[in-house]
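The values are calculated or read from the model by the stated rules, or taken from the named source; none is laboratory data. What you are looking at is a predicted structure, and each value in this text was computed from that prediction instead of being measured. When we count neighbours, we look across all protein chains shown, and the Cβ atoms used for this are built from the backbone with ideal geometry, even at glycine. Accessible surface areas use protein heavy atoms only, side chains included; no ligands, DNA or RNA. Shrake-Rupley method; radii C 1.70, N 1.55, O 1.52, S 1.80 Å.
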Amino acid sequence: MRTPTPTARGDARGFTDAWRPARGRDNPCEVSAILVVDDERGIRALCSDVLGRAGHEVESVDSAAGALAAAARRRFDLVLCDINLPDQDGVSLLPRLLVGDPPPAVLLITAYPSIDTAVRGMKLGARDYLGKPFSPDELRLVVRRALDEDELRRAHGELTKRLAYGSMIGDSPAMQQLRDTIDKVAKADATVLITGESGTGKELVARALHFAGRRASRSFVPVNCGALVGTLLDSELFGHLRGAFTGADTAKRGLFLAADDGTLFLDEIGELPLELQPKLLRALQDGEIKPVGGATSIRVDVRVIAATNRALDEAVKIGTFREDLFYRLRVVEIDLPALRDRASDIPILVEGLLAKINRDVGRDVRYVTPAALARLAQYSWPGNVRELENMLTRAVVLSKSDVLDETLLPIGAAAPRGDALAEGAEADAEGALPTLREIERLHIIRVLAHTEWNKRRACAILDISRPTLDRKIEEYGLRREDPS
């Protein structure tokens, strides 16, 4: 056997250099950095020899202090650690070895394997253990299994991230900051309130939070609170027992139970009826729900993400939204940027949306003229990305070639960015500007007049649900004969 040359440090780092193989056809596997911690020279030599020949970089030390010093110098992919070390119990050393993102896989070595020791080590994060004496084949097998498992986890993480962020297109500072925020928030189970204008992609962000978090393998259940009213929403969220109300011929689980161990996304949370808000508050506070017609509460483990394009703090002031529920939902708030505030993303958005639209409609429009891009960049986009996608879909359908030019974009007379709400919102003679509520009221009146009070068409133009429109009409006291 070749004798390794010790280094001046006296920590057996010579094994790293003595047994580092040349990479090439004889060693096709990826090189992993492995630390061996054992006070027996024979075990250190065996591990360095076998794992070095397998294509890994191996460093060995004989104590817990040496292990911590080595781990402080560099990152290791895997650590083989003896339980009985001269200066510290190997199991108690685990928390200090399992650092980094991701942490190394730790395999325990012991001459006295026992169930209690194994269980204690696994609880502290050890991946597996080897009982002394072990053969080279056993060593190779357990190390290869741990490294393969880490590779699968890494690949799964990359696929999950692609699933989470695949539809979030853009490289602007605002989008980069948004992704950074999602990365941080996704790892926690805190309730999140997503705010932003209509069409900014609130459900995409909710899905990203789900698929980038620990619940990614469980259900993501979306519900539009504005599309359901009264008992129907109560039943949808919390379920009902058979016979709980007229038409309840069978029992229903409800969306909270459907999302158990996963994520429930409550879109348009501002439309949640006031009478249902205490039940949602209890579900968030206590993790319990009570089905309609039921007398017993059911425990649930659900992460709740809510979204709204309304100013909930204003709804709290006027009494249409509970203050305690507002603060319970807004543990973390993520405000999405409007498209006009990240106009530099429009070219890459157009490219991504065209690929999707071509697949959806069976066309192959691949080119966008500079004039068309310029026109898209100058528009204010009050409907944000949703409006951009709809406009591109129309252009692709009407295009007679594989080129999309400015004549296919009906936005020639559009207001410049920042002036989309100028019409009807001018200052009065004394220079006073209208409030947001006044602008909203005037816009709803104009849309209703334009549609001759056809509420279905008005909802489509305003991009809101029928219950929301009815509530707005009542809130502003609108009548069909209102001239302004």
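If the condition is being at pLDDT below 90 and either assigned to a loop (DSSP other than H, G, I, E, B) or open to solvent by 40 Å² or more (accessible area, probe 1.4 Å) (or both), then the range 274-285 contributes 274, 275, 279. Only one entry in 208, 174 is buried (at least 21 other Cβ atoms within 10 Å of the Cβ), part of a helix (DSSP H, G or I) and in contact with a helix residue (DSSP H, G or I) (Cβ under 6 Å, 6 or more places away or on another chain), namely 208. Note on the range 227-263: among residues that are modelled with pLDDT of 90 or more and aliphatic (A, V, I, L, M), the one that is farthest from residue 294 (Cα to Cα) is 259.
A quick yes/no check of all residues on (1) in a helix (DSSP H, G or I); (2) surrounded by fewer than 16 Cβ atoms within 10 Å (Cβ to Cβ):
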position	(1), (2)
126	no, no
130	no, no
138	yes, yes
143	yes, no
148	yes, yes
155	yes, yes
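Reported count of residues in the range 90-124, each being surrounded by 14 or more Cβ atoms within 10 Å (Cβ to Cβ), over 33 Å from the mean Cα position of the chain (by Cα) and among the β-branched types (Val, Ile, Thr), is 4.
Within the option set 87, 77, being in contact with an Asp or Glu (Cβ under 8 Å, 6 or more places away or on another chain), in contact (Cβ under 8 Å) with a residue 12 or more places away in the chain, more than 15 Å from residue 139 (Cα to Cα) and open to solvent by 10 Å² or more (accessible area, probe 1.4 Å) holds for one residue only, 77.
For the range 286-299, give me each residue that is among the β-branched types (Val, Ile, Thr), open to solvent by 10 Å² or more (accessible area, probe 1.4 Å) and in contact (Cβ under 8 Å) with a residue 24 or more places away in the chain. Quick ask: steps written out before the conclusion?
Just the residues of the range 286-299 that are among the β-branched types (Val, Ile, Thr), to begin with: 289, 292, 296, 298.
Then drop every residue that is not open to solvent by 10 Å² or more (accessible area, probe 1.4 Å), which leaves 292, 296, 298.
Correct list: 292, 298.
Test residue 271 against the criterion of being buried (at least 16 other Cβ atoms within 10 Å of the Cβ) and of a type in the set (Asp, Glu), and give yes or no. Against the criterion (buried (at least 16 other Cβ atoms within 10 Å of the Cβ) and of a type in the set (Asp, Glu)), residue 271 qualifies.
Considering every residue within the range 198-205, establish whether at least one is open to solvent by 60 Å² or more (accessible area, probe 1.4 Å), modelled with pLDDT of 90 or more, out of contact with any Ser or Thr (no Cβ under 9 Å at 6 or more places or on another chain) and under 30 Å from residue 388 (Cα atoms). Yes, the range 198-205 contains a residue that is open to solvent by 60 Å² or more (accessible area, probe 1.4 Å), modelled with pLDDT of 90 or more, out of contact with any Ser or Thr (no Cβ under 9 Å at 6 or more places or on another chain) and under 30 Å from residue 388 (Cα atoms).
Residue count for the range 211-241 satisfying the condition of being without any contact (Cβ under 8 Å) to a residue 40 or more places away in the chain and either open to solvent by less than 20 Å² (accessible area, probe 1.4 Å) or among the charged types (D, E, K, R) (or both): 2.
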